[in-house]
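All remarks here apply to the structure that follows.
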Amino acid sequence: MKFSLLLAMLTLVNTNTFSSPDIENSSATLALKIPGNPSKSYDLQYESCNEPVGSYNLVSSENDLPAIIYQTVETNETTKLITTKITATGDIYFNFSQKIQSDFSHDDCQFYMPGFWYRRNLRSPKGAPSFHTSDSWIVREDRLSTPLTGIYNETTGAYITATRIDDFQHEALTTHKEGEVIISGKTSLGYTGFENINGKASLSFGYPYREAPKTYIRKLTLAPEVCAFQHLSKGETITLVWEIKQNKVSDFSDFIKQVWEYSYDLYKPSIVNTTYTSDKMKSVISNYFTESLVDNHALKYMSGVHLHIDDCKSTGIAEVGFVGRVLLNAFNAMEYGVEQNRLELVRNSQIIFDSYLKDGFTNTGFFREVVNYKNNTEEHNLSIRRQSEGLYAILYYLQYEKKQGRKHPEWETKVKNILDQILKLQKEDGSFPRKFKDNMSIVDNSGGSTPSATPMLVLASAYFKNNKYMEAAKKTAQYLDKEIISKSDYFSSTLDANCEDKEASFYASTALYHLALFTKGKESMYYSDLAKKSAYFCLSWYYTWDVPFAQGQMLGDIGLKTRGWGNVSVENNHIDVFIFDFATILDWLADKYKEPRFTEFSKVIKTSMCQLLPYEGHLCGIAKTGYYPEVVQHTNWDYGKNGKGYYNDIFAPGWTVASLWEMLTPQRIQLFLK
């Protein structure tokens, strides 16, 4: 008999939590493909078995279905475990799909797929997945930091999630990326997402993977949908498991928090066993400081932008912040050179600082952010992020030098000038424009990059003992609280995209961490609470599971574990080692709020991000020792080269080296204060 399975299935045992939303119906479909022919879909009906309770046969009204499908539903308080077993009665190529339709009005809902989809992705342009293109999306699981989809009802506070449970050991290649494709072997990857069905928000999931209405193959490039088919031999059985969870929360931020904690508890990511100590990592990475030095131009710098992975040769670009991080790398090299008595590192760093002091400023005193000596061009649109990152590095350098008894009054004058210029750019609401000209005219008024300014303002206040910088930093916190954190709208912190991104929540947490450390009492706790709230959004971008790779995909062949790596943004769908202070912040939050998940996941991050350390005999696809890779392509997406299991052919080790170095140098801020 045909009936609504989920009407009963999603009734909570613990009804005191909230009134469970009624589920209008559940539907399932089995699509079968004969090679060389279009697939045929079979709508399935649920026939209840006498026992055990919660077991069903999924059958077709047509008699030629060459498979037996059996499903069980186990109830555990707020969760339902759906186990589906498909047994082939003949050789088949299949795709199984299931939909759970809620009673939530689709218009009342926000949606969540960790590390890929937040709310409605309306910050993203039409060339990336968003509501601009469709209000219904299903995607392959390896796009997501947890293979989960959540639907949050803003009107009632109720939410529902569907999460895939598997060992995720297998992946295989396909010859096409769109249309109906047959997988060349066995894959563990299914799909998940949400759909608008007659005005109601619905969870959709299945196996193997599908993507609709589009598949995202390249930066701002949507392609036709794809549907994959897995082979199942006669007599063979495959078991598929999803867990459905529902609860009620106060707002979208609390929704993200609860779902991340649930995801962490469900997947229990463990540390990645590597033999790399902090000393080993720094020793290898320091080769980048040596080999990347370019000293034949007015500006001396470490070449780390737009390098080719197969030669790592200089491209003639000096970039202060963002992906270049010239000044932060110079400081790290200097500090390390002194510690290890490597005078060449100290000398090279001083050459860089001296060249920027002489030739590194615009007519009005801002940092020259990007200078391309290869084609004799320069970036004239300045950014609050690069200026702030440059100042952050210089303030550390000046503080270090002061502790050694050396003063740099000319540098201090230059820094104060930039700081005073930046303060003029701050708006009444506390935000800073994202981009501007040297003459102070605004190019991009968006406030998304505002938190990148906070850490350097806090350091400036401490170094110069001038409270006006701290007051400006506190104004940024007011903006963050009102416009970013309270609205759960983390966007446009990265400079090569304009969308929801990891770095916005990362910088929000980092900004508030600095303010919490430099203030006391209730004020410090206020910043700490905000840092914790934004940290959950940042955590949501980091993988709790290991994406499978196919044999022949380099990252899989060398054994990369993706747990602990972070996705980048909606536009840039790859993982990278962007971490800087965040692991340290997690440890600090863990101690302050007695949250062991933060401590344990910090360990996962710190061990996992060391895996691709390139050295002789273990170069991991990179030409030179210590040039840590950047664009790690873990899903069906690329910048135009190589695809899943490889890097893009161009990368920027300037920031990856700086990021890892910060991770490996905890308590740096506390030492700044002493």
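What to note about this one:
- Compactness of the range 554-632 is given as radius of gyration and Dmax, 14.3, 43 Å, from Cα positions.
- Taking a straight line from the alpha carbon of K624, these aspartates and glutamates sit under 13 Å away, with near neighbours fewer than eight places off in the same chain left out: E291, D310, D311, E616.
- Spin-label model, L122 to T275: label points 7 Å out along the Cα-to-beta-carbon direction sit 5.4 nm apart.
- The range 170-214 versus the range 227-304: alpha-carbon centroid distance in Å: 22 Å
- Each label was represented as a point 7 Å from its Cα along the Cα-to-Cβ direction; for D557 and V338 these points are 4.5 nm apart.
- For the chain, the 222 nm mean residue ellipticity estimated from helices alone, with every DSSP H stretch of n ≥ 4 adding -39500 (n - 2.57) and the total spread over all residues, rounds to -10000 deg cm²/dmol.
- Per residue, the average separation of C-alpha pairs within less than 8 Å and at least 6 apart gives the range 555-653 a relative contact order of 25 percent.
- Here the gap between S60 and S105, fully extended at 0.36 nm per residue and compared with their Cα-Cα distance, gives a gain of 13.2 nm.
- The orientation-averaged shadow of the Cα convex hull for the range 62-193, equal to a quarter of the hull surface, comes to 10.7 nm².
- Nearest-0.05 FRET efficiency for H176 and D311, computed from C-beta distance (R0 30 Å): 0.40
- Extension gain from L673 to H408, taking 0.36 nm per residue of separation minus the Cα-Cα distance: 93.5 nm
- Each Lys and Arg adds +1 at its Cβ and each Asp and Glu adds -1 at its Cβ; summed about the Cα centre, the range 73-121 shows a dipole of about 140 debye.
- Taking the accessible area of the range 57-129, probe 1.4 Å, and keeping the other protein chains in place, the carbon and sulfur fraction comes to 42%.
- Take each peptide in 63-75, 116-128, count the other Cβ atoms within 10 Å of every residue, and average; sorted highest first, the result is 116-128, 63-75.
- Using the Cβ-Cβ distance between K522 and D43 with R0 set to 51 Å, the FRET efficiency from 1/(1 + (r/R0)^6) comes to roughly 0.30.
- Amide N proximity, the range 25-43 versus T156 label position 7 Å along Cα-to-Cβ, cut-off under 15 Å: 25
- The Q478 and K234 beta-carbon pair, evaluated with R₀ = 60 Å, returns a calculated FRET efficiency of approximately 0.35.
- Straight-line cross-link reach from K200 at under 16 Å between alpha-carbon atoms covers these lysines, not counting any fewer than eight positions away in the same chain: K99.
- In the range 313-388, the C-alpha radius of gyration followed by the widest Cα-Cα span (Dmax) gives 13.3, 40 angstrom.
- Model label points for S134 and Q169, set 7 angstrom from Cα along the Cα-to-Cβ axis, are 3.3 nm apart.
- Once the chain from T364 to K641 is taken as fully extended at 0.36 nm per residue, the excess over their C-alpha distance is 95.7 nm.
- Over 21 Å (Cα to Cα) - which of K126/K561; K414/K465; K403/K424; K257/K603; K427/K468; K358/K475 fall in this group: K126/K561; K403/K424; K358/K475
- Per residue solvent-accessible surface (Å²) - the chain, probe of 1.4 Å: 36 Å²
- Sorted largest first, the spans of the alpha carbon positions of the range 470-525 along the three principal axes are 37, 19, 17 Å.
- Counting protein heavy atoms only, the range 336-484 has 45 percent of its accessible area on carbon and sulfur, 1.4 angstrom probe.
- Counting protein heavy atoms only, the range 222-323 has 47 percent of its accessible area on carbon and sulfur, 1.4 angstrom probe.
The values are calculated or read from the model by the stated rules, or taken from the named source; none is laboratory data. Small disclaimer: the values here were computed from a predicted structure and weren't measured. As a convention, Cβ positions derive from the backbone with ideal geometry for all residues, glycine included, and neighbour counts pool all protein chains shown. SASA here: full protein model, heavy atoms, side chains in, ligands and nucleic acids out. Shrake-Rupley method; radii C 1.70, N 1.55, O 1.52, S 1.80 Å.
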